[in-house]
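**Student:** Sending over a structure as C-alpha cells; questions will come in a sec.
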Amino acid sequence: MANTSRINGFSIADNHGGNSGKVNLYYVASAADEILRGDIVKIGSTTTADGIMTADLCGASDVPLGVVVGVLHNKFEALGKMTTGSTTLDLPNAAQIAASGAGFVLVCDDPDVILEAETSNGTAAITDIGLNVSHANGARTASTISSPATVDMGTEATTNTLNFQLIGFGKRIDNEPGGASARVRVRFNVHQFRTGTGSTGI
C-alpha cells in the first residue's frame, strides 16, 4: 500500500529515558524563517531580560536544540504576562512566528526524545536503520500553517556529525517501510546538551 504524504514536521514518539515531556520556554528574537510547531530549532546566542534563552530555526548543518511543540500567543510575555492591545486567533498568524518576527515557543529540548517525521528526497529501507541523516526545513511562507520539515534521506550516511540517527519506522498500519513518504523514527545524534560529536552510523 502506498503511503499518503502528510508532512507536518517532527512529533514526539517516545523517549529512551522514559520522560518525553521535558518542555522549556524559549524566545525567538528574529526568526530566520517562519517557525511552526514541529520545526527543529537551535539555541540562540542571547537571553531575554528575564533570562530566557533564545532559539531560531535549525539548519541541516546546525546543532539542534529540540522540536517546537507549541507557538505561544503573540501577546504573551515572559513570566506569564500578556501585553495589551488588539489580538487575533486567525490562521496563519496564530500558528507561526513570522520570518524576521519575534515570539515565544515551547521546545522539547530533551536530548533523549524519539521523534517521528515523514521522509523526503528518497526512501528509507529497513537496511537504512542505524544510519545517520539530517533534516530539511522545507519551503514555508507567511501562509504556512503546519511545519514542512522532513527527514532528508538524501543525506543518509555513517557521518557522525549528522543531526539524527534512524532507529525505525512509525508503527502504524498505514505506514509502509521502504515506500515514498514513509514516516520514520529518529533520535538526536548531535544535540546542544550533549558534548562532542555523535555516533558513527552503522
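**Student:** Let me confirm something: among Ser147, Ser181, Ser143, which residue is at positive phi and part of a loop (DSSP other than H, G, I, E, B)?
**Tutor:** Numbers: Ser147 fails: at positive phi; Ser143 fails: at positive phi.
Step by step, each of Ser147, Ser181, Ser143 is checked, and only Ser181 is at positive phi and part of a loop (DSSP other than H, G, I, E, B).
**Student:** Something else about it: Please specify each residue of region 132-154 satisfying the condition of being buried (at least 20 other Cβ atoms within 10 Å of the Cβ) and over 16 Å from Gly38 (Cα atoms).
**Tutor:** Across region 132-154, the qualifying residues are Asn132, Val133, Met153.
**Student:** When you scan region 113-134, how many residues do you find that are closer than 18 Å to Thr161 by Cα, in a loop (DSSP other than H, G, I, E, B) and either among the hydroxyl-bearing types (Ser, Thr, Tyr) or not assigned by TED's automatic domain parsing to the domain that holds Leu162 (or both)?
**Tutor:** Residues that pass the stated criteria total 0.
**Student:** Answer with yes or no whether Gly101 is among the small types (Gly, Ala, Ser) and in a strand (DSSP E or B). I'd like the intermediate steps shown before the answer.
**Tutor:** Values: among the small types (Gly, Ala, Ser): yes; in a strand (DSSP E or B): no.
For Gly101, the condition - among the small types (Gly, Ala, Ser) and in a strand (DSSP E or B) - is not met.
**Student:** Among the residues of region 162-174, which ones are in contact (Cβ under 8 Å) with a residue 40 or more places away in the chain and assigned to a loop (DSSP other than H, G, I, E, B)?
**Tutor:** Asn163, Gly170, Asp174
**Student:** Test Thr155 against the stated conditions and say whether it is among the polar types (S, T, N, Q) and outside any loop (DSSP other than H, G, I, E, B).
**Tutor:** Values: among the polar types (S, T, N, Q): yes; outside any loop (DSSP other than H, G, I, E, B): yes.
Yes.
**Student:** Kindly list the number of the only condition in (1) touching a residue at least 60 places away in the same chain (Cβ under 8 Å); (2) closer than 22 Å to Asp33 by Cβ; (3) not aromatic (Phe, Trp, Tyr) that fails for Asn121.
**Tutor:** (1)
The values are calculated or read from the model by the stated rules, or taken from the named source; none is laboratory data. What you see is a predicted model; the values in this text were computed from it and never measured. Neighbour counts run over all protein chains shown; Cβ positions are idealised from the backbone, glycine included.
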